[in-house]
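Reviewing the structure listed below.
Please treat every number below as a calculation from the coordinates, not as lab data. Remember, predicted model here, so these are calculated numbers, not experimental data. Neighbour counts run over all protein chains shown; Cβ positions are idealised from the backbone, glycine included.
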Amino acid sequence: MRNDFKSGECVAIIGSMTQAMRAQSILASAAIRASIVKADSSKTGSGCAYALSYSCEQDDNVRGVLYNAGIRPRNFYGG
Amino acid sequence: MIYLDNAATSFPKPFGVTEEQARCMRQYCGNPGRGSHALALAASEKIYECRCAIADLFGSAHPENVVFSMNTTMALNTVIKGSLRLGDHVLLSDMEHNATFRPIYKMAREGYLSYDIFPTFSNDPQTTPSDICRAIERMIKPHTRMLICVHASNICSAVLPLAEIGALCHRKGILFVVDAAQSAGVIPIDVEGMQIDALCAPGHKGLLGPQGSGFFLLRDGLSAETLIEGGSGYNSLEGNMPNEAPERYEAGTLPTPAIAGLCEGIRAVRRYGVENIGRHERELNTFLQERLLKIPRVKVYTPHHIGSVLLFNIEGIPADSVGQALAKYGICVRCGYHCSALGHATLATPAGGAVRVSPGIFSTWADMRTLVGAVENLCKNGI
């Protein structure tokens, strides 16, 4: 994952590219914009992983929408 | 040239398919799911778009359960070998392609499993779905774990009643695996409604995509062992393959140009309409069958059904010789056993098999008239 977080940027570590795309699509359906980024491999514990970057203002919404869709991010960073 | 071998692979492809493949190669052919630069992301987006198109076409809400494979054979092998356990019993139909029969036969020969072949009564015009289901039910054993069947035969017009068989399998707790090599894009399929656990299909036949773009679609929650292991683009430090589909089953780089082409093939199928495509092919074969049945010495197999495939022989002329003679008229058909020893045994075709005609969405009435004329000439004048 990038270590150069901009202020107000949050990141949810998802895992595979497919799951990241699925999560992005589900968030888009809820009118939440998120970008796919590659997570910092040194922070995932298991090597490469994909993550979603989004505005921290949407953090609660992102967590709720993903949870309701059955997507469980491995971790959340930023703020 | 008159191409009537769409059961082997569809030809020609819609313009958009070849254009998108070329555009992919020129503009966005990064490695999907590897890295996060612009080309890798663009390729990943196209792959995901195709997963969504496939899931949507077959009634699944889970694009992540669409797993790409080289072809239907690879898909079936992955599902079969990844799901079955030592001592399992398997049921398969008497119309199966070798893509199903050979893996099962090998596993049985090695003592890993046992199998039985259930009848489809394809030669009997009076057969109902209940007849087939009753026959299946009689063959189910306590350790029957999987039933595999073709949706539409690759050698004749027989179509199996998936909804009824799926309901039976679901009731009995048996995994239901479908080989949709001849039906995907030609006959509507709803994996949820038909209670299909794994749908295996090619991209290069009825879905009008390029070769190398096969896939299987797993029921949500179903997991299988992997057939091959390797890079998955994530969890790179772990020795095990990831647990999640589709990456669990997709070790190595995907063929992005082929999948991009498939995406356009499915778009074309959507535009024409699956039911319209199937109807067009059946109408052509209805015309062909009516004409062929009027020619002395011609035998048409399963004439009580009309499907996208028509199988015939000319008495006294080996099937391969008929094929070679038709090739001189510029007509492409497939002769022999069509990789379906079971199916040919069921239909009792003679040594040498038979001649298969399989029109596609771009086939015309003129194509069929030319074929009829060529067969009439062969019957009258010999080869």
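With an 8 Å Cα cut-off and a minimum separation of 6 or more residues, compute the relative contact order for region B:72-201 in percent.
Rounded, it is 25 percent for region B:72-201.
Keeping to pairs on different chains or 8 or more places apart, tell me how many lysine pairs in the protein assembly as shown have Cα atoms under 24 Å apart.
17
Any cysteines in chain A with zero other Cys Cβ atoms under 4.7 Å from their Cβ? List them, or say none.
A:Cys48
Stretch B:Ile295-B:Arg26 to full length: gain in nm at 0.36 nm per residue minus the Cα-Cα span?
Details: separation 269, 0.36 × 269 = 96.84 nm, distance 5.19 nm.
Stretched out fully, the B:Ile295 to B:Arg26 stretch lengthens by 91.7 nm.
Kindly provide log₁₀ I(q)/I(0) values, in the same order as q = 0.27 Å⁻¹, from the Debye equation applied to equal alpha-carbon scatterers of region A:9-78.
-1.29
For an R0 of 56 angstrom, estimate the FRET efficiency from the Cβ-Cβ distance between B:Glu225 and B:Arg369 and round to the nearest 0.05.
0.60
Can you give the Rg/Rh ratio of region B:72-201, where Rg is from the C-alpha atoms and Rh is the Kirkwood radius?
Rg/Rh: 0.93.
If I fit a long axis through the Cα atoms of helix B:72-83 and take the longest principal axis of the Cα atoms of chain B, what angle between them do I get, 0 to 90°, rounded to 10?
50
Need one number: nm distance between label points at B:Asn123 and B:Ile383, each 7 Å from Cα along Cα→Cβ, rounded to one decimal.
Here the answer is 2.4 nm between the modelled labels.
Using 19 Å as the cut-off for backbone N distance, which residues of region B:171-193 belong to the label zone defined by a point 7 Å from the Cα of B:Asp116 along Cα→Cβ?
Hits in region B:171-193 for B:Asp116 at 19 Å: B:171-177.
How large is log10 of I(q)/I(0) for the protein assembly as shown at q = 0.07 Å⁻¹ when the intensity is taken from the Debye formula with one equal scatterer per alpha-carbon?
-0.40
Give the list, by residue number, of cysteines in chain B with no other Cys Cβ closer than 4.7 Å, or say none.
Those would be B:Cys24, B:Cys29, B:Cys52, B:Cys133, B:Cys149, B:Cys156, B:Cys169, B:Cys200, B:Cys332, B:Cys335, B:Cys339, B:Cys379, since no other cysteine Cβ in chain B comes under 4.7 Å of theirs.
Calculate, for B:Lys328 and B:Asn276, the FRET efficiency according to 1/(1 + (r/R0)^6) with r their C-beta to C-beta distance and R0 45 Å; round to the nearest 0.05.
For B:Lys328 and B:Asn276, the calculated efficiency is 0.85.
Determine the relative contact order of region B:274-381: mean sequence separation of Cα pairs under 8 Å and six or more apart, normalised by residue count, in whole percent.
Reported as a whole number, the value is 32 percent.
Dividing the alpha-carbon radius of gyration of chain B by 2.2 N^0.38 Å (N being the number of residues), what value is obtained? If you can, show how the numbers build up before the last one.
On the way: Rg = 21.2 Å, N = 383, 2.2 N^0.38 = 21.1 Å.
Taking N as the residue count of chain B, the ratio is 1.01.
Please find the FRET efficiency linking B:Ala341 to B:His304, where r is the Cβ-Cβ separation and R0 is fixed at 30 Å, and quote it to the nearest 0.05.
0.85
Which whole-number percent is the relative contact order of chain B (Cα, under 8 Å, 6+ apart)?
Rounded, it is 24 percent for chain B.
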